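Accompanying notes for the structure given below.
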Amino acid sequence: MNRLFALLIILVGVADARSEPLFGRPGKLPLTGGVSQIEGSAGGGLTPWALIGGLGAGAQNGAAAYATHVWLDDYRLQSHGVMVSLADTVELSLARQSLDTRDVGALLGLGRGFRLEQNVFGAKFRLAGDAVLEQDRWLPQLALGLQHKRHLQPDVPLAVGAARSDGTDLYLSATKLHLDQSLLLSGTARYTEANQLGLLGFGSATGGRELVFEGSAAYLLSRRLAVGIEYRDKPDLLAVAGEDAAWDVFLAWSPFRHLNLTLAAVDLGNVVVARQRGVYLSIQFAL
């Protein structure tokens, strides 16, 4: 992953050389590129936004790398990845998710500390609008995206009743930033059949794709500090355990131009054995 990030930075520099250097002008305002959500796309911690990630504005390109750790009651969830953006219009991302099952793994016969892992490839395209510059228009920024997820232990999701070990989420996001009110609002419609974000596979014998809603609201306490809340609905497809919506309350801080930190109290709903609540911490380095 580190080698891939280095390659992406080189490609961004080469692509940007014909316009202005990546560090040659201010680019985006702090936090207006979002942070890296748990699947690698720019947005909040749980949900993607229509904003394109990185610090590049206009014809500039951008990039970001992140690492996220979520401490839950019975699990530990880790996610890390990289993202590159082109001319504030196209965003490409790659992430790895790992769920440490701890004692639950032993109860399920997988072994204590067994890790469920998947790779997530994301792509996002800005369709219309500019959440930052178009303050005099009601139209939000709109983006169409996908997240293709591939499980690294395909036998496990099939064993718990999933129809497939890989799948693709499609989503449409709308995001509006009201600078005069220091308020960001975002909504996403996701067409998905992912079980527990895909960590337990996709679909089942009795259910398939569903259209679910995700939403975010953030208030800018200052140019570099924001507080907000997120909600993410999820399909309930597996017979082995019910699945609930997830939500969080977060604090995002950009102490330096290229560094974003996010701290959140998160509730992922029921994850096989019980409701999972915990603490979410993420660090992002952006260009």
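Within the set of other residues whose C-beta is less than 10 Å from the C-beta of R275, count the net charge using Lys and Arg as +1 and Asp and Glu as -1.
-3
Can you check what the net charge comes to around A218, using other residues whose Cβ is under 12 Å from the Cβ of A218 (Lys, Arg +1; Asp, Glu -1)?
-1
Mind checking the full-extension length gain between L139 and L281? Use 0.36 nm per residue of separation minus the Cα-Cα distance, one decimal, nm.
Here the answer is 47.9 nm.
Using the Karplus curve 6.51 cos²θ - 1.76 cosθ + 1.60 with θ = phi - 60°, what ³J(HN,Hα) values do you get for each residue of segment 187-203, in whole Hz, with x for Gly and Pro?
x, 9, 9, 10, 9, 8, 10, 6, 9, 6, 6, x, 5, 10, x, 9, x
Mean residue ellipticity at 222 nm from the helices of the chain, using -39,500 (n - 2.57) per DSSP H segment of n ≥ 4 over the full residue count, to the nearest 500 deg cm²/dmol?
-2500 deg cm²/dmol
Taking neighbour Cβ counts within 10 Å as the exposure measure, how do W49, W138 sort from fewest upward?
W138, W49
Which entry in [x] 0.98; [y] 1.19; [z] 0.89 matches Cα Rg over 2.2 N^0.38 Å derived from the coordinates of this structure?
Answer label, from the structure shown: [x].
With a 10 Å cut-off between alpha carbons and a GNM built on the chain, which of L211, L144, L116 moves the most?
Looking only at L211, L144, L116, the largest GNM fluctuation is found for L211.
Just going by the charge dipole of segment 2-286, with Lys and Arg at +1 and Asp and Glu at -1 on Cβ, which of T68, P30, S173 is farthest out on the positive end?
Of the options given, the answer is P30.
What is the magnitude of the charge dipole of the chain about its Cα centre, with +1 placed on the Cβ of each Lys and Arg, -1 on the Cβ of each Asp and Glu, and no other charges, expressed in debye to the nearest 20?
Here the size comes out at about 640 debye.
Within the set of other residues whose C-beta is less than 15 Å from the C-beta of A252, count the net charge using Lys and Arg as +1 and Asp and Glu as -1.
Result for the neighbourhood of A252: +2.
Projecting each Cα onto the charge dipole of the chain (Lys/Arg +1, Asp/Glu -1 at the beta carbon, about the Cα centre), which of L261, Q141, V120 comes out farthest on the positive side?
Of the candidates, L261 comes out farthest on the positive side.
For R164 and R224, compute 0.36 nm times the residue count separating them, minus their Cα-Cα distance, and round to one decimal in nm.
17.4 nm
Angle check, please: helix 2-16 long axis (alpha carbons) against the longest principal axis of the chain (alpha carbons), in degrees 0 to 90, nearest 10.
Taking the Cα atoms of the chain, the angle to 2-16 is about 30 degrees.
Between L29 and L107, what is 0.36 nm times their sequence separation minus the Cα-Cα distance? Round to one decimal in nm.
Value of the extension gain: 23.3 nm.
Only the coordinates and a few stated rules stand behind these numbers; no lab work does. Only a predicted model underlies this, so the values are computations on that prediction, with no experimental measurement involved. Note: ideal-geometry Cβ built from the backbone for every residue, glycine included; neighbour counts use all protein chains shown.
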